[in-house]
Structures are given as structure tokens and as C-alpha cells.
Amino acid sequence: MGRPRKFDRVGVLEKALPVFWRRGFADTSLQELEQATGVNKSGLYSEFKGKEDLFVESLRYYVDNLELGPLLASEPLGWDNIERFLKARYRNGQGLKGCFAVNSMRESAILPQAAIGILTQSKRKLKELVAKNIEAERAETKVDVLAGLVLTVFTGLRMEQNVGSSYAGAVRKVDEFMKLIRKLGQ
């Protein structure tokens with residue numbers, strides 16, 4: 001029987017996540033993960049199969065704890081929920097920008113298949129929630145098309161955060177977009 005582990009799995013994920021967020025999957029080294037988590041390589045490998053597994057579990061942890069779903073599920077459903085969703089921003093004390101899931105999509109060609117699955121499922125769930133809000137407004141335009149536009153704007157806004165776009169500027173863009181999409185939905 002091996003030695004009992006001296007770390008908490010969730011704690012490791014919370015410490016590894018910012019490293020992957022800042023550096024990306026490809027540029028994150030095992031040494032950086034050891035340093036950030038305080039767990040040596042053998043300890044990490046006893047809990048995770050490798051860097052790929054730690055990345056996948058970090059992504060899963062992030063997506064499972066995102067608070068965007070509740071924004072879109074608030075009653076009454078409608079345009080206001082979509083506007084709050086687009087204006088929401090990740091707050092942390094670590095200077096992380098954008099959205100970890102959106103940032104990860106940039107590396108989709110090299111991500112483990114499990115990570116692609118998590119990203120695909122997360123996008124599908126968000127699109128379903130956005131579509132329910134659009135349906136509640138009895139939009140005339142195809143709901144699927146409008147939901148796709150909302151997610152495209154969401155992704156673009158999160159990407160812009162990586163290059164220093166201001167929150168005030170993002171809010172102005174969302175305000176203008178919401179005027180347009182409300183008209184399209186009539």
C-alpha cells in the first residue's frame with residue numbers, strides 16, 4: 001500500500017488552472033505545475049495520468065464551476081439574461097484574462113480529445129440556454145441562428161480581453177449588439 005497523499009485534488013486543480021490559463025496547454029511544463037501546486041511529479045502522477053489528464057480535469061473543474069449557466073437560467077427568461085451573460089466577466093485576483101475555455105479553443109489542434117469533448121459539450125449547453133432565452137422572447141428569426149450569433153459575440157469579447165480590451169468598451173459593444181439582436185428577433 002502506497003503512502004497517503006498529502007494534497008487535496010481540488011486544491012491542485014485550483015492551483016494548476018491559472019498556470020494552464022496563462023501559458024496554455026502546450027507551453028505549460030510539468031515543472032511549472034509542480035511549482036504552482038506544491039506537489040511533486042510522482043504525487044501528480046499518482047492522482048493524474050499526466051499533464052494531459054491534469055489539463056482535462058482543470059478544464060472540467062473550470063467549466064463545472066462557471067457561473068454563466070445560472071445567469072442564463074434566471075427567471076424570467078429573455079433578452080436581459082443574454083445581456084447579463086455577455087456582460088459577465090471573470091473576476092479573480094490573479095490577473096487572468098478572457099475565459100479559460102475560450103482561450104483553450106485556440107489550441108484545439110493539440111488538445112487531448114477529452115478536452116475537446118468538454119469544450120464541445122460546454123458550448124452546446126450554453127447554446128441551449130441562450131436559445132431558451134430567445135424562445136421566451138418569441139423571436140421571429142431562427143432561434144438557432146440567433147443563439148449562434150450570441151455565442152460568437154461571447155467568444156469574441158472573451159478573446160478581446162486577452163489583448164487589453166476595457167470592460168467599459170465591452171459593455172458598449174454588448175449594448176449595441178443587444179439593440180441589433182432584439183431587432184433581429186422581432
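The values are calculated or read from the model by the stated rules, or taken from the named source; none is laboratory data. A quick note: this is a predicted structure, and the numbers were derived from the prediction, not measured. Glycine also receives a Cβ, built like all others from the backbone with ideal geometry; neighbour counts cover every protein chain displayed. Surface accessibility is based on the protein's heavy atoms, side chains included, excluding ligands, DNA and RNA. Shrake-Rupley method; radii C 1.70, N 1.55, O 1.52, S 1.80 Å.
Here are some notes:
- Of all residues in region 99-128, those that are in contact (Cβ under 8 Å) with a residue 24 or more places away in the chain have Cβ atoms under 8 Å from Cβ atoms of residues that are of a type in the set (Lys, Arg) and crowded, with 16+ Cβ neighbours inside 10 Å, 6 or more apart or on another chain, in Cys99/Arg158; Val102/Arg158; Asn103/Arg158; Ile118/Arg60.
- Within region 140-183, restricting attention to residues that are under 24 Å from Thr120 (Cα atoms) and outside any helix (DSSP H, G or I), the residue that is modelled with the lowest pLDDT is Asn162.
- Count of region 12-44 residues which are crowded, with 18+ Cβ neighbours inside 10 Å and farther than 20 Å from Ser104 by Cβ: 1
- Filtering region 150-159 to residues that are free of Cβ contacts under 8 Å to residues at least 40 places away in the same chain and either open to solvent by 40 Å² or more (accessible area, probe 1.4 Å) or closer than 19 Å to Lys132 by Cα (or both) leaves Leu151, Thr152.
Each row is one residue, and each column tells you yes or no for (1) more than 30 Å from Glu140 (Cβ to Cβ); (2) open to solvent by less than 80 Å² (accessible area, probe 1.4 Å); (3) at pLDDT 95 or above; (4) assigned to a helix (DSSP H, G or I).
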| position | (1), (2), (3), (4) |
| --- | --- |
| Val10 | yes, yes, no, yes |
| Ser46 | yes, no, no, yes |
| Tyr61 | yes, yes, yes, yes |
| Lys97 | yes, no, no, no |
| Ser108 | yes, yes, no, no |
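- In region 63-80, the qualifying residues are those that are assigned to a helix (DSSP H, G or I) and open to solvent by less than 40 Å² (accessible area, probe 1.4 Å), and the one that is farthest from Lys125 (Cα to Cα) is Trp79.
- Of the residues in region 139-149, not one is surrounded by fewer than 18 Cβ atoms within 10 Å (Cβ to Cβ), out of contact with any helix residue (DSSP H, G or I) (no Cβ under 9 Å at 6 or more places or on another chain) and within 21 Å of Leu68 (Cβ to Cβ).
- Filter result for Glu176 (open to solvent by 50 Å² or more (accessible area, probe 1.4 Å), over 21 Å from Glu67 (Cβ atoms) and in contact (Cβ under 8 Å) with a residue 24 or more places away in the chain): no
- Matching residues, region 111-120, being within 17 Å of Phe154 (Cα to Cα) and either buried (at least 16 other Cβ atoms within 10 Å of the Cβ) or in contact with a helix residue (DSSP H, G or I) (Cβ under 8 Å, 6 or more places away or on another chain) (or both): Leu119
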